[in-house]
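Undergrad: Got a structure for you, written out below as structure tokens; questions coming shortly.
The values are calculated or read from the model by the stated rules, or taken from the named source; none is laboratory data. Keep in mind it's a predicted model, so treat the numbers as computed, not measured. With ideal geometry, Cβ positions are generated from the backbone for all residues, glycine too; neighbour counts draw on all protein chains shown. In case anyone asks, the SASA skips ligands and DNA or RNA and just uses the protein heavy atoms, side chains included. Shrake-Rupley method; radii C 1.70, N 1.55, O 1.52, S 1.80 Å.
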Amino acid sequence: MSLSETPPPLQPVPPMAEPDEHPAAQPAHASERGIDPEMLETARIRLEFLYGEVAADWPGFIARPGQYEMMQACLLTFLSARSPDDKERPGSHLAQLEAGTGTGKTVAYCLAAIVAAEVLEKTVIVSTATVALQEQLFQKDLPRLAKIIPDLRYDILKGRARYVCESRLEGVINDDVHDHGLSGEFQDLFADSRRQAGSTPRDRDQAMRWFKGTAKKLNSGAWDGDIDSLAQQPEPDDWRQVQANAHACNGGQCEHFRNCAFFKARRQAASATLQVANHALVLATLQTDSSLIDAGNTLFVFDEAHHLPGIAGEQFSYRARLGTSSRLLVSLRTVALRHGKTLPASTRPDPVAFAQLITGCTDKLAVLERYWMEAGLVSADKTVYRFAQGRIPEALIPECQELATLIRAIASQVSSIAAALKEPDESQSPSQREEQSRAGVELGVYLSRLDTLDKLLSAWATHDRVPWAKWIEWAEGALGTAPDAWLCASPMTAAQVLSKNLWSQVSAAVCTSATLTACGSFDFFDRLSGMNRFPERRALVVASPFDYAIQGELRIAPMQHSPKSPGFSGELCDRLPGLLREHPHGQLVLFTSKRQMQACHAALPKDISDQVLVQGVRSRTELLKEHVRRVLAGERSIIFGLQSFGEGIDLPGELCEHVVIDKLPFTPPNSPVEEALAEWLSAQGRDPFTELSVPRAGMKLAQWAGRGVRTVTDRAVITVCDTRLVTMRYGKAILAGLPPFPVVRAV
């Protein structure tokens, strides 16, 4: 629709019912119970006005019934907001809203949130799972809304680690990295990434040139201290030494506080009505006492919410290297006692008692080290060992309990030393005060490591009714050092932690995604997210604006072999060229394994092979750019991709007129957490395949099939080379969750 065209008429606002009028006849997502009628009327009038403004001024805007319905459901959810001290939370302040591509969900939830924020005088946080959507919101959608709503103030929230700490940067440049922060070995102590054995360490001179150049840019104002605004991303090792860290922060006592990149960004964001964040940041913040997010006075939108349970599981899990932890404690003993000597006798730790605490701790860690080595649980050939039902050996439980107690005692003393060092002392010279302050920062970094160790060992020592997954991973030693092991613990699902730390804390929250249901039901998301613990939660699947009966077709390729048959791969390689030749423009072929993708590509005849772009050969951005160039030039272009290309790819029109899916995307439990959950369900007499594998595959297949039709004018064919979709009982359940394409069994 051009701006000169008259926008389609808006749907009339349905007459307001009294809060308790005909409650049984009213769907949960439309319930007005508990909402002040006068406030609701005021909000709806304001929302209608803004929606009309957007309809008139938003480039290419088309008013859609589904968008309007979603917007109203969002508004009711937000106006059902709970106060921080409200213990009664039946769930009307929570909503699950599935809205497919083309619905215009961003406009719907943003307008509803903005109006609710005005009426309730609350802040709004829109949280996304991917950087791409976060950037789209901040750089494209919100600036458009701000032109229409001049009073709208918005900003972006990033984690502290995205900003440089000028004090730490200064310390590295002054060559006191070993006095000011942890060495590289300890920096990686709790990192989730594994370095390859024998990897070449960062050249110190080269690193120092980067540190000094970066400091020059920061001091001159050429750089704002945000890692994302650097033209070239730094080496991870370099950035870890200078990134901001909550435990290593002196706050207002720091000489750089006024110009601190992190605090400047926080002060700026604090005045914004609408803040754009990401799921990991929100969840990480709610685990701490941080004042960054006041959940009880904030309205949340979680876009791409189907990722929320997985990200939450990662955020609430703990891992640490065992041998390196012992060396960390030995190092801490030296550092803490050295800095403690500068304090008055009344606050100075007893060196003998403190040393005994450290020794007791390292002795207990040695017990765990001997256990995994003598038992031979993990090795270079068998890299993971998971404890069945989350039960570690009985003999290790008291060891872990005592370890956690010792670590808390050590942390208490270190915390006291750090706090004393951060206290300003006017009798000292400026250089002495700065040196003492930096010592407090250094101890703060150690404290963050101790906190993770405490939580990890406490989890290992506990066995709840629903146990945590607990396992050991092999860690190849660096050049010249002995092998190490990771101790790991994670909740099997994020349901409990999300229920306790998020849904029971937020003022109100809307979860939305194009694929929030699985097999036509919210049950899967309900269970994994913990929302099923709130009986009055709102749920709505918004009708798609696409006419799938006309715009597309779901074809079941006439395969003779099932994916479980050894002949399947060869048959797929033989049949694929014919399927691809039927379509002259852009196509997307999605594979469930890299091996199958490579086999099919190797078997293609040259004329088709030359038209294929394979994921991994070039960057995602370059691959998509080349694909668009070819299609616009009138050529056939085919993308071969894996699971990551089944989501977040937007190829409208001729850019993707055919999607081929090799087989149903079942993924066997391939992580200790998934294995533990399947094991636990089986022990309860439940079927992991039905409860986990089928809905997970259904949600994924819906995302993949959604790559075909992206606009109201698209035409696309979805070909699935897996006959189980129509021959197996679970196939019917999966079909129920796909876009309603006509299903054709090819002969």
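Undergrad: If you check Leu447, Leu453, which single one turns out to be within 30 Å of Asn250 (Cα to Cα), open to solvent by less than 10 Å² (accessible area, probe 1.4 Å) and within 26 Å of the chain's Cα centre (by Cα)? Spell out the reasoning first.
TA: Working: Leu447 fails: open to solvent by less than 10 Å² (accessible area, probe 1.4 Å).
The conditions single out Leu453.
Undergrad: When you check Val164 against the structure, is it open to solvent by less than 20 Å² (accessible area, probe 1.4 Å), touching a Gly at 6+ places or on another chain (Cβ under 9 Å) and either at pLDDT 85 or above or of a type in the set (Gly, Ala, Ser) (or both), yes or no? Before you say what the answer is, go through the steps one by one.
TA: Details: open to solvent by less than 20 Å² (accessible area, probe 1.4 Å): yes; touching a Gly at 6+ places or on another chain (Cβ under 9 Å): yes; either at pLDDT 85 or above or of a type in the set (Gly, Ala, Ser) (or both): yes.
Answer is yes for this residue.
Undergrad: Next question. From Arg729, Arg707, grab the single residue that is basic (Lys, Arg), under 19 Å from Ser562 (Cα atoms) and open to solvent by 20 Å² or more (accessible area, probe 1.4 Å).
TA: Details: Arg707 fails: under 19 Å from Ser562 (Cα atoms).
From the options Arg729, Arg707, the qualifying one is Arg729.
Undergrad: Show me the helices (runs of 4 or more DSSP H) entirely contained within the range 82-155 in which 1 or more residues are charged (D, E, K, R) and buried (at least 19 other Cβ atoms within 10 Å of the Cβ). Spell out how you get there, then give the answer.
TA: Numbers: elements: 105-120, 131-136, 142-148.
Qualifying helices (runs of 4 or more DSSP H): 105-120.
Undergrad: Please enumerate the residues belonging to the range 37-59 that are closer than 22 Å to Lys122 by Cβ and either in contact with a Ser or Thr (Cβ under 7 Å, 6 or more places away or on another chain) or hydrophobic (A, V, I, L, M, F, W, C) (or both).
TA: Met39, Leu40, Ala43, Ile45, Leu47, Phe49, Leu50, Val54
Undergrad: Of all the residues that make up the range 570-628, how many are basic (Lys, Arg) and open to solvent by less than 70 Å² (accessible area, probe 1.4 Å)?
TA: Of the range 570-628, the ones basic (Lys, Arg) are 575, 581, 594-595, 606, 618, 620, 625.
Of the ones still in play, those that are also open to solvent by less than 70 Å² (accessible area, probe 1.4 Å) are none.
The qualifying residues number 0.
Undergrad: Go through the range 62-81 residue by residue and tally those that are surrounded by 24 or more Cβ atoms within 10 Å (Cβ to Cβ) and of a type in the set (Lys, Arg).
TA: 0
Undergrad: Still on this structure: Just give me the residues in the range 336-355 being β-branched (Val, Ile, Thr) and in a loop (DSSP other than H, G, I, E, B), in sequence order.
TA: So the first thing to find is which residues in the range 336-355 are β-branched (Val, Ile, Thr), and the list is 342, 347, 352.
Within the range 336-355, Thr342, Thr347 qualify.
Undergrad: Is one or more of the residues making up the range 486-504 over 26 Å from Glu691 (Cβ atoms) and small (Gly, Ala, Ser)? Before the answer, list the steps.
TA: Taking the range 486-504 first, the residues over 26 Å from Glu691 (Cβ atoms) are 486-487.
Among the residues that remain, those that are also small (Gly, Ala, Ser) are: none.
No, the range 486-504 contains no residue that is over 26 Å from Glu691 (Cβ atoms) and small (Gly, Ala, Ser).
Undergrad: Among (1) surrounded by fewer than 19 Cβ atoms within 10 Å (Cβ to Cβ); (2) modelled with pLDDT of 90 or more; (3) assigned to a loop (DSSP other than H, G, I, E, B), where does Pro59 come up short?
TA: (2)
Undergrad: Moving on. Taking Ala418 as meeting all but one of (1) open to solvent by less than 40 Å² (accessible area, probe 1.4 Å); (2) at pLDDT below 95; (3) within 28 Å of Ser490 (Cα to Cα); (4) among the hydrophobic types (A, V, I, L, M, F, W, C), write down the number of the exception.
TA: Tallying (1) open to solvent by less than 40 Å² (accessible area, probe 1.4 Å); (2) at pLDDT below 95; (3) within 28 Å of Ser490 (Cα to Cα); (4) among the hydrophobic types (A, V, I, L, M, F, W, C), Ala418 fails exactly one: (3).
Undergrad: Still on this structure, please answer the following. Please name all residue pairs, on different chains or six or more residues apart, with Cβ atoms under 6 Å, provided the first residue is in the range 592-604 and is closer than 10 Å to Leu572 by Cα and the second residue is in a helix (DSSP H, G or I) and aliphatic (A, V, I, L, M).
TA: Cys600/Leu576
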